[in-house]
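Novice: One structure, pasted below without further comment.
Rule-based calculations on the coordinates, nothing more; no lab input. Note that this is a predicted model, so its numbers are computed, not measured. No Cβ is skipped: glycine too gets one built from the backbone with ideal geometry, and neighbour counts run over all protein chains shown.
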Amino acid sequence: MNRRRYEAVLFDWDDTLCYGEPHYLDHTQTVARRLQVEVTRQDVHDAYLRSARDGMLEPEEFYARLAHALGIADEHHEAFREGVIDRDAVRAIFDGVRHVIDGLSKRDLKIGLLSNNVHVALRAEALNIQHHFDVIVSPYTYGVHKPDPKIFIETLAVMGVEPERAIYVGDSYNDDVVGARAAGMTPVLIDRYELTIDGHDAEHRIETLDALEEVLERLLAS
């Protein structure tokens, strides 16, 4: 019997499987406006990417970078940080997530959750979805974060899956597509809000979970 091409599908967490209301982009935009700085959703999205580019920063440094990237005056940095942190978000799983994961389980595929969110295990448990995953990995697990290929490779080693037999689904081109590709995986970029300017070379790019299911169907049949 021929060995099938793919044996595992791994997912990012924030804005891939889970979202918060109010969304962090909208909330940050509102805080900036209170400080008399007008920014677009795209501005906020890009500022977050630039500010987090060096990985696991201390919160104070990250928010200082974010404020600077958005043009917040130095004297308002503390008010900006406090305002952004003060987001009482209600978190939920996107519609269709459980259906997609159930479909993968029925195919006897291994399923992983790999995120740069250091609280990903607790967040998944709070939403009662943790039992769907064979592994749940954060930057604390191996001491590295995406896009470092090590976090992908170490996770797959624990799962007993070779990188070329694994698919990774995430919403960040720099963290998810670049990182998974460097590890030898097949990346799928999900751009729910059509804000990802980079990623034109992403072979598989989608905007909804319905489309994700179609891409996975095609990949798993190859």
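Novice: Can you list the GluC sites (Glu not before Pro) in the range 144-222 that are in a DSSP coil and have 14 or fewer other beta carbons within 10 angstrom? Mind showing how you got there, number by number?
Specialist: Details: sites: E154, E164, E194, E203, E207, E213, E214, E217; in loops: E194, E203, E207.
In loop regions of the range 144-222 (DSSP not H, G, I, E or B), the sparsely surrounded GluC sites (Glu not before Pro) are E194, E203, E207.
Novice: Amide H of D171: which non-local residues (sequence gap of 5 or more, or other chain) have their own amide H closer than 5 Å, using H built in the peptide plane?
Specialist: Answer set, sorted by chain and number: I190.
Novice: Counting other Cβ atoms within 10 Å of each Cβ, which GluC sites (Glu not before Pro) in the range 32-84 have at most 15 and sit in a DSSP loop? Spell out each step's value before the answer.
Specialist: Values: sites: E38, E60, E61, E75, E78, E82; in loops: E38.
Answer in residue order: E38.
Novice: Can you give me the distance in nm between label points at Y142 and Q130, each placed 7 Å from the Cα along the Cα-to-Cβ direction?
Specialist: Distance between the two pseudo-spin positions: 2.1 nm.
Novice: Follow-up. Which loop-located trypsin sites (Lys or Arg not before Pro) does the range 107-199 contain, where loop means any DSSP state but H, G, I, E or B and the Cβ has at most 15 other Cβ atoms within 10 Å? Please list the in-between numbers first.
Specialist: Details: sites: R107, K110, R123, K150, R165, R181, R192; in loops: R107, R192.
Taking the range 107-199 and a limit of 15 other Cβ atoms within 10 Å, the loop trypsin sites (Lys or Arg not before Pro) found are R107, R192.
Novice: Ok, one more. What distance in nm separates the simple spin-label points at H99 and R53, each placed 7 Å from Cα in the Cβ direction?
Specialist: Spacing of the two 7 Å Cα→Cβ label points: 3.9 nm.
Novice: Could you identify which residue out of L113, L156, L35 has the top mean-square fluctuation in a GNM of the chain using Cα springs shorter than 10 Å?
Specialist: In this elastic network of the chain, the residue with the biggest mean-square fluctuation among L113, L156, L35 is L35.
Novice: Dipole size in debye (nearest 20) for the range 23-85 around its Cα centre, Lys and Arg Cβ +1, Asp and Glu Cβ -1?
Specialist: On the way: 7 positive and 12 negative charges, 52 e Å.
Dipole size: approximately 240 debye.
Novice: Taking amide H positions as placed in the peptide plane 1.01 Å from N, state which residues far from C18 in sequence (5 or more) or on other chains have amide H under 5 Å from it.
Specialist: Close amide H contacts, sequence-distant or interchain: F94.
Novice: Using θ = phi - 60° and the Karplus form 6.51 cos²θ - 1.76 cosθ + 1.60, what ³J(HN,Hα) does each residue of the range 69-77 get, whole Hz, x for Gly and Pro?
Specialist: 5, 8, x, 6, 4, 3, 5, 9, 4
Novice: With label points built 7 Å along Cα→Cβ from the Cα atoms of E75 and D108, find their separation and express it in nm.
Specialist: 6.8
Novice: Would you mind getting me the FRET efficiency between S222 and T30? Use the beta-carbon distance for r and R0 = 45 Å, nearest 0.05.
Specialist: That pair, S222 with T30, gives E of 0.50.
Novice: Per DSSP H run of n ≥ 4, the term is -39500 (n - 2.57); total these for the chain, divide by its residue number, and report the mean residue ellipticity at 222 nm rounded to 500 deg cm²/dmol. Working shown, then result.
Specialist: Details: 10 runs with 93 residues, N = 222.
Result for the chain: -12000 deg cm²/dmol, rounded to the nearest 500.
Novice: Also, I was wondering about something else. What does the C-alpha gyration tensor say about the overall shape of the range 101-158? Classify as rounded when a/c is under 1.5, otherwise prolate if a/b is larger than b/c, or oblate.
Specialist: Values: a/c = 2.76, a/b = 1.32, b/c = 2.09.
Oblate shape, in that a/c is at least 1.5 and b/c is the bigger or equal ratio.
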